[in-house]
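Engineer: To start, I am sharing the structure in question, which I have written as structure tokens.
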């Protein structure tokens with residue numbers, strides 16, 4: 001039986017998630033330890049009856065993991081209503097932390113029938129497409145900053161919106177050591193990155209998420225996306241306008257921040 005207090009806070013933040021509102025910060029007992037935050041996230045997700053587009057890896061920067069004294073990232077569910085087409089607009093608020101540039105994969109639904117342990121080699125047969133994407137990150141809570149990985153995990157992975165760039169058919173593209181850039185030309189804001197900052201590389205991050213889905217016995221009846229984590233860290237949104245992300249050899253993705 002779920003603790004009444006846990007249920008109360010889960011209902012509160014789920015409502016904020018669905019209504020695109022903000023609520024008071026969660027008690028630290030739900031956020032300080034990643035194990036508690038993951039239980040809380042899973043409870044919240046169990047209360048949402050909306051179509052799922054896929055899953056995201058979060059906390060994939062190894063320096064960040066070390067700073068927060070964590071050994072690995074976590075994953076969270078990404079819902080269809082939060083996934084937008086290229087060049088679509090995103091409305092932000094003062095609790096929006098920033099914008100990220102990622103590599104994402106489209107995975108065949110028959111992955112869920114795969115019983116062997118996943119490796120970076122054997123998961124390639126399940127990938128149909130690859131694409132650059134932008135993630136706008138922020139809280140449903142009235143708080144700022146990151147004091148623990150659980151802060152992000154307990155708040156649905158802190159994902160606000162994902163903007164999908166043009167998809168390319170997967171032909172075993174090498175995503176190690178690709179240069180990345182995200183910019184707002186109007187204010188001359190440019191941040192450079194590299195795909196090798198994403199939990200070694202995006203393919204390794206993909207493997208991590210798929211393995212977690214196996215362990216948690218998650219199953220969908222359709223193809224799904226996996227968003228592998230930021231190649232540029234969390235880039236602050238200094239001013240509203242068009243942000244352009246580019247991943248070498250994969251392409252570009254744009255969003256308008258309102």
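The values are calculated or read from the model by the stated rules, or taken from the named source; none is laboratory data. This is a predicted model, so every value here is computed, not measured. Cβ coordinates were reconstructed from backbone atoms using ideal geometry, including for glycine residues, and neighbour counts include every protein chain displayed.
Engineer: Return the total of residues in segment 181-196 being surrounded by fewer than 21 Cβ atoms within 10 Å (Cβ to Cβ) and in contact with a strand residue (DSSP E or B) (Cβ under 8 Å, 6 or more places away or on another chain).
Structural biologist: In the first step, residues of segment 181-196 are kept if they are surrounded by fewer than 21 Cβ atoms within 10 Å (Cβ to Cβ); the result is 181, 183-192, 194, 196.
Then keep just the ones that are in contact with a strand residue (DSSP E or B) (Cβ under 8 Å, 6 or more places away or on another chain); that gives 181, 183-187, 189-192, 194.
Here the count works out to 11.
Engineer: Determine whether segment 160-176 contains at least one residue that is outside any strand (DSSP E or B), touching a residue at least 60 places away in the same chain (Cβ under 8 Å), within 14 Å of the chain's Cα centre (by Cα) and within 21 Å of residue 74 (Cα to Cα).
Structural biologist: Within segment 160-176 (the criterion being outside any strand (DSSP E or B), touching a residue at least 60 places away in the same chain (Cβ under 8 Å), within 14 Å of the chain's Cα centre (by Cα) and within 21 Å of residue 74 (Cα to Cα)), the answer is no, since none of the residues qualifies.
Engineer: Related question: Cβ-Cβ distance below 7 Å, separation of 6 or more or different chains: which pairs start in segment 201-220 with a residue that is farther than 18 Å from residue 173 by Cβ and end on one that is part of a helix (DSSP H, G or I)?
Structural biologist: Pairs that qualify, where the first residue is farther than 18 Å from residue 173 by Cβ and the partner is part of a helix (DSSP H, G or I), are 219/112; 220/109; 220/112.
Engineer: Of the residues in segment 98-123, how many are closer than 20 Å to residue 255 by Cβ and more than 13 Å from the chain's Cα centre (by Cα)?
Structural biologist: Residues flagged as closer than 20 Å to residue 255 by Cβ and more than 13 Å from the chain's Cα centre (by Cα) within segment 98-123 amount to 1.
Engineer: Follow-up question, since we're still on this one. Determine the pairs where a residue that is without any contact (Cβ under 8 Å) to a residue 40 or more places away in the chain, located within segment 63-77, has a partner that is surrounded by fewer than 17 Cβ atoms within 10 Å (Cβ to Cβ) and not in a loop (DSSP other than H, G, I, E, B) with Cβ atoms under 8 Å apart, the partner being 6 or more residues away or on another chain.
Structural biologist: That search, which allows pairs on different chains as well, returns 71/65.
Engineer: Listed residues 42, 124, 56, 85; which is within 17 Å of residue 211 (Cβ to Cβ), modelled with pLDDT of 95 or more and touching a strand residue (DSSP E or B) at 6+ places or on another chain (Cβ under 7 Å)? Please lay out each step first, then the result.
Structural biologist: On the way: 42 fails: touching a strand residue (DSSP E or B) at 6+ places or on another chain (Cβ under 7 Å); 124 fails: touching a strand residue (DSSP E or B) at 6+ places or on another chain (Cβ under 7 Å); 85 fails: within 17 Å of residue 211 (Cβ to Cβ).
Unique residue meeting the criteria: 56.
Engineer: Quick one: residue 94 ticks every box in (1) in contact with a helix residue (DSSP H, G or I) (Cβ under 9 Å, 6 or more places away or on another chain); (2) not in a strand (DSSP E or B) except a single one, so which number is it?
Structural biologist: It is condition (1) that residue 94 fails.
Engineer: To continue, here is another question. Return the pair list, or none, for Cβ contacts closer than 8 Å from residues in segment 1-30 that are without any contact (Cβ under 8 Å) to a residue 24 or more places away in the chain and on the phi < 0 side of the Ramachandran plot to residues that are part of a helix (DSSP H, G or I) and surrounded by 12 or more Cβ atoms within 10 Å (Cβ to Cβ), at least 6 apart or on different chains.
Structural biologist: Once the first residue is without any contact (Cβ under 8 Å) to a residue 24 or more places away in the chain and on the phi < 0 side of the Ramachandran plot and sits in segment 1-30, its partners that are part of a helix (DSSP H, G or I) and surrounded by 12 or more Cβ atoms within 10 Å (Cβ to Cβ) give 27/9; 29/36.
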